[in-house]
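Notes follow once the structure below has been shown.
The values are calculated or read from the model by the stated rules, or taken from the named source; none is laboratory data. Source: prediction; values computed, not measured. When we count neighbours, we look across all protein chains shown, and the Cβ atoms used for this are built from the backbone with ideal geometry, even at glycine.
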Amino acid sequence: MQPKPGFLGFPKPANPLLGPGLIKLAEGEALNVASIDIALMAYNAWRDKLLVVSSLIPQNDGASLYARTSSDGGSSFDAGGSDYGYQSLGSGATSASFIELIPSIGNGAGEGAALAIELFHTTNPAVYTKLLARNIVSSSTVTTVVSIVGALRAAAQNTDAIRLLSSSGNIASAFWSLYGFN
């Protein structure tokens, strides 16, 4: 029997009676870095991955959060003008050099972002890797913005690394956890 989806459609944690669920593969903390690069090669036993990022604060107020993928273990990340397509409610691009996950994140007191990124078919070189991100951004006025972004790497490839980067300046801080599921 397969586990039923949990909150927001994420797989439920592992339960010995239901079979495998989410398995934590790696975690880390980023402090004042240009990008968060996460190699996926060691986790090819899991076709799909979930990357959870919390307490993300950009160095520069109002910076966007972008993602890029790699097919060479993170030695280089695809950044051509038509490497990605993405769509969020109301905006998007069919041909871009990055995936815009969040358009604007504040860095003042109480501001920041959290997101969950599902990566589908990362180990199948015959299909486009697809990505689904759910984001929440808070502002100093206790306003929250929630968005969903769907994206793909516009090439059939084995995606074995992901990079998160700020549109301007460094990522001041963030915590991340990577999970595997099939």
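Residues of the range 132-165 that are among the hydroxyl-bearing types (S, T, Y) and farther than 18 Å from D83 by Cα: S138, S139, S140, T141, T143, T144, S147.
Scanning the range 113-120 for residues that are more than 16 Å from the chain's Cα centre (by Cα) and either at pLDDT 90 or above or among the basic types (K, R) (or both) turns up nothing. Residues that are in a loop (DSSP other than H, G, I, E, B) and surrounded by 19 or more Cβ atoms within 10 Å (Cβ to Cβ) within the range 124-182 comprise Q157, T159, D160, listed in sequence order. For the range 36-51, filtered to residues that are in contact (Cβ under 8 Å) with a residue 60 or more places away in the chain and surrounded by fewer than 16 Cβ atoms within 10 Å (Cβ to Cβ), the residue that is farthest from N182 (Cα to Cα) is A39. Remark: N60 matches the filter, which requires a residue to be in a loop (DSSP other than H, G, I, E, B) and modelled with pLDDT of 95 or more.
For S54, the test of being of a type in the set (S, T, N, Q), part of a strand (DSSP E or B), in contact (Cβ under 8 Å) with a residue 24 or more places away in the chain and surrounded by fewer than 17 Cβ atoms within 10 Å (Cβ to Cβ) is passed. Filtered by the rule that a residue be crowded, with 22+ Cβ neighbours inside 10 Å and under 10 Å from A133 (Cβ atoms), the range 101-119 gives L101, I102, L115, I117, L119.
Within the range 57-70, the residues that satisfy the criterion of being of a type in the set (S, T, N, Q) and buried (at least 19 other Cβ atoms within 10 Å of the Cβ) are T69, S70. Take the range 105-127 and flag every residue that is farther than 30 Å from S71 by Cβ and of a type in the set (G, A, S). Passing the criteria: G106, G108, A109, G110, G112.
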